[in-house]
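The values are calculated or read from the model by the stated rules, or taken from the named source; none is laboratory data. Keep in mind that what you see is a predicted model, and the values were worked out from it rather than measured. Here Cβ is always computed from backbone atoms with ideal geometry, including for glycine, and neighbour counts include all displayed protein chains.
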Amino acid sequence: MTTFNSYLQGLRLAQVRVIFTLPPQLGRYDQPLAYIKWFTPLNTMDELTGMYIVSRSTRHHRRNAAIVPVEQIARSCHLMAKYSGSITEKGWTSDTVLELATQFYVNTYSSIELFLLIK
């Protein structure tokens, strides 16, 4: 099932890796920047859970990353690893699961505001 909610149009999920400012010698850009790693667009919804499924976005077999102004970050979200029952997944920890899992559910139930906006 593929759906797209108008509230989500134009939004993409990303993992913020670091927030930084540029030193003055690199030009005048006063706003903080964020180095992010993208996830795939919110196009696929799981019929059973009603949650979107995303994975890491890649370009040329590498994770798709960007530097964006912090003001373009809309909000935080909660991702849950999509477990397939593989023995290799038993090594996941809270510190490694975001790097090791291949697919994630976007947990729309973690925030009443997000739940109401998406549903």
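Need the failing condition index for T108 against (1) out of contact with any helix residue (DSSP H, G or I) (no Cβ under 6 Å at 6 or more places or on another chain); (2) surrounded by 18 or more Cβ atoms within 10 Å (Cβ to Cβ); (3) of a type in the set (S, T, N, Q), just the number.
Checking T108 against (1) out of contact with any helix residue (DSSP H, G or I) (no Cβ under 6 Å at 6 or more places or on another chain); (2) surrounded by 18 or more Cβ atoms within 10 Å (Cβ to Cβ); (3) of a type in the set (S, T, N, Q), the one that fails is (1).
Does L114 satisfy being at pLDDT below 90 and touching a His at 6+ places or on another chain (Cβ under 9 Å)? Walk me through how you get there before you give the answer.
Details: at pLDDT below 90: yes; touching a His at 6+ places or on another chain (Cβ under 9 Å): yes.
Considered against the rule, which asks whether it is at pLDDT below 90 and touching a His at 6+ places or on another chain (Cβ under 9 Å), L114 comes out as yes.
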